[in-house]
Amino acid sequence: MMRHEFPGLQQQVHGKPLVYLDNAATAQRPQAVLDAINNYYLKHNANIHRGVHSLSESATELYEQARNSLARLINAPSEKDLIFVRGCTEGVNLVAQTFVRSRVKAGDEILISHLEHHSNIVPWQILCEQTGAKLKVIPMNQQGELVLDDLDQLLNERTKFMSVVHVSNALGTINPVKKLIAAAHAKDIPVLIDGAQATPHIKVDVQDLDCDFYTVSGHKMYGPTGSGILYGKSEHLSAMPPYHGGGEMISKVTFESTVYNAVPAKFEAGTPNIAGGIGLGAAAEFMMTVGMDKIAERDQVLKVYAEQALSEVPGLRLVGTATNKSPVFSFVIDGIHAHDIGTIIDHHGVAIRTGHHCTMPIFQFYGLAGSCRASLAFYNTEQEVDVLVESLLKAKAMFQ
Amino acid sequence: MSELNKLYKKAVLAHNKNPHNYGKPETWTHHAEGLNAICGDLVEVYLTIADDRLVAVNFAGESCAIAMASASMMTELSTGLTLQDWQNRFNLFKQLMDPNNEQVSYDELGEVNTLITVKKFPSRIKSATLCWYAVDAAIKGQSSTTTE
Ligand SMILES: Cc1ncc(COP(=O)(O)O)c(C=O)c1O
């Protein structure tokens with residue numbers, strides 16, 4: 001689907017057509033995104049929000065249009081609830097330091113899950129170190145699903161915040177975040193959802209979820225690297241102190257004091273990644289034009305096909321078999337280390353990721369050092385899955 | 001022969017399947033762990049050093065074929081060497097793995113020279129060098145090292 005729109009897919013690796021199955025690490029970008037970036041640098045190159053000249057005005061307009069596109073993609077009530085950030089990592093750190101830090105004291109708890117990416121673990125460990133709070137973890141089962149039996153105790157009077165991944169980058173598990181958010185809200189606990197792997201695959205509606213914060217990673221959803229969005233409920237964003245100080249985030253500065261700008265400018269100190277933001281807006285428009293329903297539907301078709309195809313490789317074990325998952329497949333093969341598989345199939349043009357995928361606790365749970373991970377996007381094809389399977393069989397033959 | 005077949009040549013695959021000096025020995029004098037966490041390579045080395053000589057060199061751990069074969073070959077080559085001679089071999093091995101170095105073998109490295117193709121796979125050089133850095137760390141009294 002839409003393959004022709006992605007120039008990065010039309011190339012060869014080691015003389016073989018590229019089979020790009022490392023989308024969970026970073027996706028390929030459609031021509032529309034590349035054009036939007038180019039168009040900014042070629043025709044609108046100026047700083048934003050500060051000039052009266054034409055270029056500055058048109059650059060500002062493009063940047064703010066991008067914010068609006070992203071607000072529509074995730075159905076935010078207003079584009080003013082969206083802060084441009086470098087990616088999910090920055091979004092989580094921002095919330096930890098400007099929203100949660102002042103709300104926790106020694107002995108309080110922050111709740112995350114066993115399925116988190118390191119970027120939704122380490123910022124909380126830093127916060128715990130700063131405040132004496134404790135990190136608590138929702139456990140997982142063999143299928144790679146969260147176990148919610150003890151949720152009621154995990155969400156207790158000491159719990160001051162919950163931060164959970166929407167879709168696991170390592171296993172593909174789609175977590176029941178709406179249910180988790182409702183359970184936390186029943187006890188007045190605010191919630192952040194890490195949407196890095198959700199927005200590329202499924203329709204996200206932050207109002208329906210009712211999350212307090214939601215992070216979006218630009219480069220995972222066909223946009224530029226170093227771009228992303230933090231959505232926050234407006235009452236939170238206006239009450240939060242700024243994260244970084246500098247230009248743009250102020251409305252008045254004297255040596256005695258500073259008056260901060262309104263949201264979202266308050267959180268956007270300095271000259272931002274203007275081209276990145278505009279490119280990300282183009283990615284959102286692209287996805288809405290294709291249709292998130294169509295993307296999600298295509299993903300599920302690919303998922304079923306790949307699950308079946310991989311299960312026919314002798315000695316291959318899938319790691320993470322959640323009922324509700326996106327087309328992400330972690331696997332190990334008896335007798336061949338993931339690293340060797342990655343190198344061998346690269347020579348057949350197949351790009352996958354090997355290792356712990358920035359989720360070491362998940363692999364500690366399974367007693368593995370890591371896995372191979374094939375992560376698909378809507379533009380992948382059944383034939384590409386077949387090439388993956390053939391290349392895995394060749395790797396096995398080599399190691400016979 | 002394709003580059004891939006040169007990388008995974010028979011000798012490498014054989015050492016991977018039946019590594020020499022593999023397994024934790026009953027006794028040792030020096031030990032260090034070589035861990036490349038990102039790619040999941042773990043090589044534990046156990047040395048018995050007496051009179052500045054490597055009397056026994058063993059290794060354990062799980063890793064990719066390149067790291068396994070390199071460790072297996074390295075332990076064979078190293079057993080019996082004086083620490084000075086071992087350092088010389090280590091330096092030669094670093095040169096062998098240097099992508100800018102055109103020399104394709106060193107007599108002193110023996111079978112270890114079969115790893116020459118690794119340097120054409122930049123992401124794998126760290127797998128091949130891990131065991132060597134682990135021995136170096138053990139000799140220096142350090143408990144762990146990495147080449148990532
Ligand atoms: C689930 C998940 N969360 C967070 C991140 C970090 O996102 P970013 O690269 O935008 O900082 C990633 C990316 O690897 C991810 O997969």
Shielding by other protein chains, B:31-41, mean Cβ within 10 Å: 4
Local charge sum around A:Val100 (other residues, Cβ-Cβ under 10 Å, Lys/Arg +1, Asp/Glu -1)? +2
Pick from A:Phe84, A:Phe255, A:Phe329 the residue whose mean-square fluctuation is largest in a GNM of chain A, springs joining Cα atoms under 10 Å. A:Phe255
In terms of modelled amide H atoms, which long-range or inter-chain residues lie less than 5 Å from the amide H of A:Val137? A:Ile112
Extension reserve of the A:Asn68-A:Asn38 stretch, reckoned as 0.36 nm per residue once the Cα distance is removed: 8.8 nm
For region A:49-95, which trypsin sites (Lys or Arg not before Pro) pass both filters: DSSP loop (anything but H, G, I, E, B) and at most 10 other C-beta atoms within 10 Å? none
So what is the 222 nm mean residue ellipticity for the protein assembly as shown from helices alone, if each DSSP H run of at least 4 adds -39500 (n - 2.57) and you divide by all residues, rounding to the nearest 500 deg cm²/dmol? -11000 deg cm²/dmol
Would you calculate the separation in nanometres between label points at B:Asp85 and A:Asp205, each defined as 7 Å from the Cα along the Cα-to-beta-carbon direction? 7.6
Can you list which of the DSSP-assigned H helices in chain A have a Cα extent of 18 Å or more along the long axis and an average Kyte-Doolittle score of at least 1.0? A:274-290
Total charge of the residues flanking B:Gln84 in space, meaning their Cβ is under 15 Å from its Cβ, with Lys and Arg +1 and Asp and Glu -1, is -2
Quickly work out the A:Val259-to-A:Asp188 label distance, labels modelled 7 Å from Cα along the C-beta direction, and quote it in nm with one decimal. 3.3
One checks the Cα atoms of the protein assembly as shown and finds Rg and Dmax, in Å, of 26.1, 79
Hand me the GluC sites (Glu not before Pro) from region A:111-218 located in a DSSP loop with no more than 16 other Cβ atoms within 10 Å, in residue order please. A:Glu157
Which Cα, out of A:Tyr40, A:Tyr231, A:Ala369, lies furthest along the positive dipole direction of the protein assembly as shown (beta carbon charges, K/R +1, D/E -1)? A:Tyr40
Please state the relative contact order of chain A as a whole percent: Cα pairs under 8 Å, 6+ residues apart? 23
Under Stokes-Einstein, region A:283-384 at 20 °C and 1.002 mPa s, with its Kirkwood radius over C-alpha pairs, diffuses with a coefficient in µm²/s of 144
For region B:1-144 (alpha-carbon point model, no solvent) the Debye-based log₁₀ I(q)/I(0) at q = 0.10, 0.12 Å⁻¹ works out to -0.29, -0.43
Please report how far the C-alpha centroid of region B:10-57 lies from that of region A:14-54, rounded to the nearest whole angstrom. 47
FRET efficiency (A:Ala296, B:Ser143; Cβ distance; R0 51 Å; to 0.05) is 0.55
For A:His244, A:His44, what's the fewest-to-most ordering of other Cβ within 10 Å of each Cβ? A:His244, A:His44
For B:Val45, A:Val122, what ranking results if the residue with the fewest other Cβ atoms within 10 Å of its Cβ goes first? A:Val122, B:Val45
Cβ-derived FRET efficiency at R0 60 Å, A:Lys179 paired with B:Asn5, nearest 0.05: 0.70
What is the Å³ per residue value for the convex hull set by the Cα atoms of region A:32-289? 121
For region A:147-218, the Kirkwood Rh over every pair of distinct alpha carbons, in Å, works out to 12.6
Cα-centred dipole magnitude for region A:292-398, charges only on beta-carbon of K, R (+1) and D, E (-1), debye, nearest 20: 280
How large is ³J(HN,Hα) for each residue in region B:28-42, as worked out from phi by the Karplus curve 6.51 cos²θ - 1.76 cosθ + 1.60 (θ = phi - 60°), to whole Hz, x for Gly and Pro? 6, 10, 9, 9, 8, 10, x, 10, 9, 5, 5, 9, x, 9, 10
Would you grab the residues whose amide H sits under 5 Å from the one on A:Phe161? Only those 5+ places off in sequence or on another chain, please, with H modelled 1.01 Å from N. A:Leu111
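The numbers here are math on the coordinates, done by the rules we state, and not lab data. Keep in mind that what you see is a predicted model, and the values were worked out from it rather than measured. Cβ atoms come from the backbone with ideal geometry, glycine included; neighbour counts cover every protein chain shown.
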